[in-house]
Amino acid sequence: MIILGSTGSIGAQALDVARRLECSVVALTANRDAKALEAQIREFRPQAAALADEAAARELKRAVADLPTRILSGPEGLRECAAMEADCALNSITGIAGLPSAIAALEAKTPLALANKESLVAGGALVTRLATEGRVPILPVDSEHSAIFQALQGLPPSPEGGPDISALRRIILTASGGSFYGKSRGELAGVTLAEALRHPSWRMGAKITVDSATMMNKGLEIIEAAWLFGLPQERIDVVVHRQSVVHSLIEYRDGSVLAQLGVPDMRSPIQYAITYPARLPSPVKRLQLAEWGSLSFEAPDEESFPAMRLARGALQQGGLAPTVLNAANEAANALFRAGKIRFLRITELVASALEGVKPTGDEHSLADIFAADQAAREYVQKIFKN
Ligand code: NDP
């Protein structure tokens, strides 16, 4: 397999799964963490590895000069790794930076295990068209989407491949509620980055942890689900479930509801995406419901956390509006992490970008997607400075 974004939280867990399953690792990529990538290269001996950052790649090349692994660099190096021959490419890069790698894997006809939800949010039309036309499966790694994918497995196949979802009424994504669950807008005004990074149930990279705190993560997941399962946003519901044990649910038109459960451990959906359709033993702790006692469910608070409403609006608007939403969120999330804006300003900047940036390009063109992304980032920078 190929692991794109191997030095991150999901990347490291994917390598843990690969280690136990004794998968051979063909290629690894990251942004600039040469030290972590060197350690991974020494253990997994891939044919090639790439860093986006040129200087870091030169450092890595010197560090592993004793090994046969080819060291590549920059956007072209990342794409080359993603396009190598493999049974599965797992994309766990953060942000739209993962989109070119997703496209390279699909064009090489390699099944894509997708954690990088931003590539579907920003480029859903293009990514799903390439997958459908090339008959290349996209296997969700995000725990909610993996849960839905698993619950759909009993359905008969559709003529286009994949399960026939005509009997499906809606899907229900569960949301942990993030670090600031239960807080009013007044209470959210003064929250800090350190508080935002204290997630109740998952240990993840900083960007997604902040997205969970604003609940933009759930907004991105609504768009991700719309593309993965071909559903309009009205048929994608969200329920807050603090324990993160029920990973998501589907409802059939006869009213029957199926859920997928398990202890919160990303190695479960990662492994399923890699071994699908096989189910293999896993070291993940088994679920003992009696130990959990009770599980809670409630409606999300969209007054304190308007991000999901923004995401639904962008999805309904269509075209490149979700690209703008994603880019504005990446930019505002980064400004918050850099200590430059307050927490509540993140979603305000996203809302403002959705109003102020109206790209007219083609959502199937990678150049137009990146132009819309750039326009939204520049808009956020401009407003932030004024
Ligand atoms: P991390 O920040 O922990 O890791 C990100 C990875 O992407 C690192 O390997 C990083 O390299 C690499 N990367 C970052 N920027 C670039 C770039 N510009 N070009 C190339 N590579 C880059 O993130 P997570 O593992 O938490 O999340 C990864 C993806 O998975 C996200 O899309 C997230 O939404 C999704 N996801 C994560 C979950 C989790 O539990 N963590 C759960 C569900 C989905 P370097 O180390 O060199 O910076």
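The values are calculated or read from the model by the stated rules, or taken from the named source; none is laboratory data. All of these numbers come straight from a predicted model, not from anything done at the bench. Glycine also receives a Cβ, built like all others from the backbone with ideal geometry; neighbour counts cover every protein chain displayed. With ligands, DNA and RNA removed, areas are computed over all heavy atoms of the protein, side chains included. Shrake-Rupley method; radii C 1.70, N 1.55, O 1.52, S 1.80 Å.
Please identify every one of the trypsin sites (Lys or Arg not before Pro) in the range 226-298 that sits in a loop by DSSP and has no more than 13 other beta carbons within 10 Å of its own beta carbon.
Numbers: sites: Arg235, Arg242, Arg253, Arg267, Arg279, Lys285, Arg286; in loops: Arg242, Arg253, Arg279, Lys285, Arg286.
Hits after loop and neighbour filter: Arg253, Arg279, Lys285, Arg286.
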* To do: Return the distance in nm (one decimal) between the two label points of a simple spin-label model at Trp202 and Ala371, each offset 7 Å from Cα along Cα→Cβ.
  => 3.4 nm
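What is the percent of Cα-Cα separations in the range 245-332 that go past 21 Å?
On the way: 2284 of 3828 pairs.
Roughly 60 percent, rounded to a whole number.
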* Structure fact -> For the chain, the charge dipole (Cβ of Lys, Arg +1; Cβ of Asp, Glu -1; about the Cα centre) points to a positive end, and the Cα of Ile138, Phe370, Ala49 closest to that extreme belongs to Ala49
* Structure fact -> Computed, not fitted: 222 nm per-residue ellipticity of the chain from DSSP H runs ≥ 4 (each -39500 (n - 2.57)), nearest 500, equal to -14500 deg cm²/dmol
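Using the per-residue mean of other Cβ atoms lying within 10 Å as a proxy for protection, in what order, highest first, do the peptides 73-81, 377-385 fall? If you can, show how the numbers build up before the last one.
Working: 73-81: 19.1, 377-385: 16.0.
Put in order of decreasing packing, that is 73-81, 377-385.
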* For the range 146-252, what is the charge dipole size about the Cα centre, in debye to the nearest 20, if Lys and Arg each add +1 at the Cβ and Asp and Glu each add -1 at the Cβ? -> 380 debye
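Keeping all protein chains in place, calculate the accessible area per residue for the range 23-89 (probe 1.4 angstrom), answer in Å². Write down the numbers at each step before the final one.
Working: 3380 Å² over 67 residues.
Averaged over the residues of the range 23-89, the accessible area is 50 Å².
In µm²/s, what is D for the range 1-125 at 20 °C and 1.002 mPa s, where D = kT/(6 pi eta Rh) by Stokes-Einstein and Rh is the Kirkwood radius from Cα pairs? It would help to have the intermediate numbers written out before the result.
Values: Rh = 13.9 Å.
Rounded, D is 154 µm²/s.
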* Of the peptides 23-30, 193-200, how do they stack up when ordered by the mean number of other Cβ atoms within 10 Å, highest first? -> 23-30, 193-200
* To do: Heads up, I need the accessible area for Asp254: 1.4 angstrom probe, whole protein in place, Å², nearest 10.
  => 120 Å²
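State in Å² the accessible area per residue of the range 306-386; use a 1.4 Å probe, count heavy atoms of protein chains only, and round to the nearest integer.
Numbers: 3510 Å² over 81 residues.
Solvent-accessible surface per residue comes out at 43 Å².
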* Structure fact -> Each label sits 7 Å from Cα toward the beta-carbon; between Leu67 and Ala299 the label points are separated, in nm, by 5.3 nm
* Structure fact -> Out of Val25, Ala328, Leu67 - ranked by how far each Cα lies towards the positive end of the dipole of the chain, with unit charges on the beta-carbon of charged residues - the top one is Leu67
* To do: Starting from the Cα of Arg19, step 7 Å toward the Cβ, then list every residue of the range 30-63 with an amide N under 13 Å from that point.
  => 39-45
* To do: Report the net charge of residues surrounding Ala48, where surrounding means a beta-carbon distance below 13 angstrom and charges are Lys +1, Arg +1, Asp -1, Glu -1.
  => +1
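Where a ≥ b ≥ c are the square roots of the eigenvalues of the C-alpha gyration tensor, would you call the chain rounded, which needs a/c under 1.5, or, failing that, prolate if a/b is larger than b/c, or oblate?
Details: a/c = 1.35, a/b = 1.12, b/c = 1.21.
In terms of gyration-tensor shape, rounded.
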